[in-house]
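Chemist: Below are the structure tokens for one structure; questions will follow.
What follows draws every value from the coordinates through simple rules; no lab data is involved. Since the structure is predicted, the reported quantities are computational estimates derived from the model, not experimental observations. Glycine gets a Cβ as well: all are built from the backbone with ideal geometry, and neighbour counts include every protein chain shown.
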Amino acid sequence: MPTPAIPTVDLSPFFTAGDDESGRKKCKDMIAEACSDYGFFQIVNHGVPLDLMNQAMELSKTFFNYKDELKRECSSSPDSPLPAGYNKQPDHSPDKNEYLLMFPPESPFNVLPTNPPDFRKILEEMFKYFVKTGEILEAIINECLGLPPNFLKEYNNDRSWDFMVTLRYPPATETENNGITEHEDGNLITIVLQEDIGGLEVCKDGEWIPVIPSKGTLVVNLSDVIQVLSNKKFKSATHRVVRPKGGHRHSYVFFYNLQGDKWVEPLPNFCSAIGVRPKYKGFYYKDYQALRMRNKTHPPSTPEEIIRIGHYEIL
Ligand code: OGA
Ligand code: NI
């Protein structure tokens, strides 16, 4: 059977002046279908300039090529409340990658590199563009779910928990190729820029589908908060990174997130109002984040013990 392709949606109707209603409707229909099937799609004409993305990728390669001591100068102190800056997965982790994590440009927690020159500026620009694209996607998903106008925008009105990770994965060896073990993201919407070498895969009906990179294209996956709010109408995509052979792999991942004090539970539109039972218990987002963080700092001995959104599922 041929591998089903991940749909690519052209977002230009949302950027052009005037009312291209039919163009917008087409986008929304494609996105709604992809989100209820498996929560994964790609976007073009998404507002992030191609030049900026190319520059960001080149600067990331230069940065990760530096010696470890130099990269570690850009790490947050061990007692920092948030793990900003440079880090490498510990040797015992099944995930093999190193990364640079940043919060919104104005965040006091950021530890940003001073070299290569321009890297910091470009990271901050990428962040700002990703926020804008995240806001547009959120508005589209709001409509796809049939929620009252601006519902998600008003609910998710604090951008301080958004974060962006710039990653480098070493090439696969003869015996292993895991970059990131299969998982779902905990936030609302994730936007990924992956390098031409590929490696990102999404699970659909039990089958792993490679997301083929294409110039200027960004990958979008829905994450746990949307799955809970929509009572599983829209899916949090299960995905992983398989390291290609032959070279390092680079990516930028933007997590459009929710502020920790927000309460997350299935919205009445998707349960009580239609006579369907809620599939999840409600929770404060920061509690779920803390459990996910614990997975990383105190990895359980078996993969089944890793806390995922199923932790809140009402069986
Ligand atoms: C993640 C992730 C994908 C990538 O960081 O959660 O899925 O391409 N990353 O690096
Ligand atoms: Ni992910």
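Chemist: Considering amide H positions built from the backbone, and no H for Pro or chain starts, which residues 5 or more places from residue 280, or on another chain, come under 5 Å of its amide H?
Modeler: Under 5 Å from the amide H of residue 280: 314.
Chemist: Could you give the angle, 0 to 90 degrees to the nearest 10, between helix 21-37's Cα long axis and the longest principal axis of the Cα atoms of the chain?
Modeler: Taking the Cα atoms of the chain, the angle to 21-37 is about 80 degrees.
Chemist: On to the next question. Can you give the calculated 222 nm mean residue ellipticity of the chain, where each DSSP H run of n ≥ 4 adds -39,500 (n - 2.57) and the sum is split over every residue, rounded to the nearest 500 deg cm²/dmol?
Modeler: -9000 deg cm²/dmol
Chemist: Continuing with the same structure: Under a GNM of the chain (C-alpha, springs under 10 Å), which listed residue has the highest mean-square fluctuation: 166, 16, 133?
Modeler: Per the Cα network of the chain with a 10 Å cutoff, 16 tops the list.
Chemist: Out of residues 5 or more away from residue 259 or on other chains, whose amide H comes under 5 Å of its own, with H placed 1.01 Å from N in the peptide plane?
Modeler: Those qualifying (amide H under 5 Å, at least 5 residues apart or on another chain) are 158.
Chemist: Shifting gears a bit: Between 51, 79, 205, find the one with the highest GNM mean-square fluctuation for the chain; connect C-alpha pairs within less than 10 Å.
Modeler: Most flexible of the set in this elastic network: 79.
Chemist: Only loop residues by DSSP count here, and only those with at most 12 other Cβ atoms within 10 Å; note down the trypsin sites (Lys or Arg not before Pro) in the stretch 22-100 that meet that.
Modeler: 67
Chemist: Quick one: 3J(HN,Hα) in Hz for the stretch 183-196, Karplus 6.51/-1.76/1.60 with θ = phi - 60°, rounded, Gly and Pro as x.
Modeler: After applying 6.51 cos²θ - 1.76 cosθ + 1.60, I find 6, 10, 8, x, 7, 9, 9, 10, 10, 10, 10, 10, 6, 3 Hz.
Chemist: Would you mind classifying the stretch 36-87 by shape? Square roots of the alpha carbon gyration tensor eigenvalues, ordered a ≥ b ≥ c; an a/c under 1.5 is rounded, otherwise it is prolate if a/b is larger than b/c and oblate if not.
Modeler: oblate
Chemist: Could you give each residue of the stretch 286-300 its phi-based ³J(HN,Hα) in whole Hz, using Karplus coefficients 6.51, -1.76, 1.60 with θ = phi - 60°, and x for Gly or Pro?
Modeler: Whole-Hz 3J(HN,Hα) from phi for the stretch 286-300: 5, 5, 5, 4, 5, 5, 5, 5, 5, 3, 7, 7, 10, x, x.
Chemist: Given 301, 278, 220, which one lies farthest toward the positive end of the charge dipole of the stretch 205-315, if we put +1 on the Cβ of every Lys and Arg and -1 on the Cβ of every Asp and Glu?
Modeler: Going by the Cα projections, it comes out as 220.
Chemist: Can you compute 3J(HN,Hα) from phi for each residue in the stretch 123-134, using the Karplus curve 6.51 cos²θ - 1.76 cosθ + 1.60 with θ = phi - 60°, rounded to whole Hz and x for Gly and Pro?
Modeler: Along the stretch 123-134, the couplings run 4, 5, 5, 4, 4, 5, 5, 4, 4, 4, 5, x Hz.
Chemist: Another question, if that's okay. Please compare each pair in 132/245; 71/235; 26/153; 121/153; 28/296; 215/296 to a cut-off of 31 Å on the Cα-Cα distance and tell me which ones are over it.
Modeler: Check vs 31 Å cut-off fails for 132/245; 71/235; 28/296; 215/296.
Chemist: Nothing charged except the Cβ atoms of Lys and Arg (+1) and of Asp and Glu (-1): what's the magnitude of the dipole of the stretch 99-140 about its Cα centre? Round to the nearest 20 debye.
Modeler: Using Cβ point charges on Lys, Arg, Asp and Glu, the stretch 99-140 gives about 100 debye.
Chemist: At q = 0.15 Å⁻¹, what log₁₀ I(q)/I(0) does a Debye calculation on the Cα points of the chain give, no solvent, two decimals?
Modeler: So the normalised log intensities are -1.36.
Chemist: While we're looking at this one, here's another question. Hey, can you grab everything whose amide H is under 5 Å from the amide H of residue 8? Only 5+ residues off in sequence or another chain; H modelled, so Pro and N-termini drop out.
Modeler: It is 42, by chain and number.
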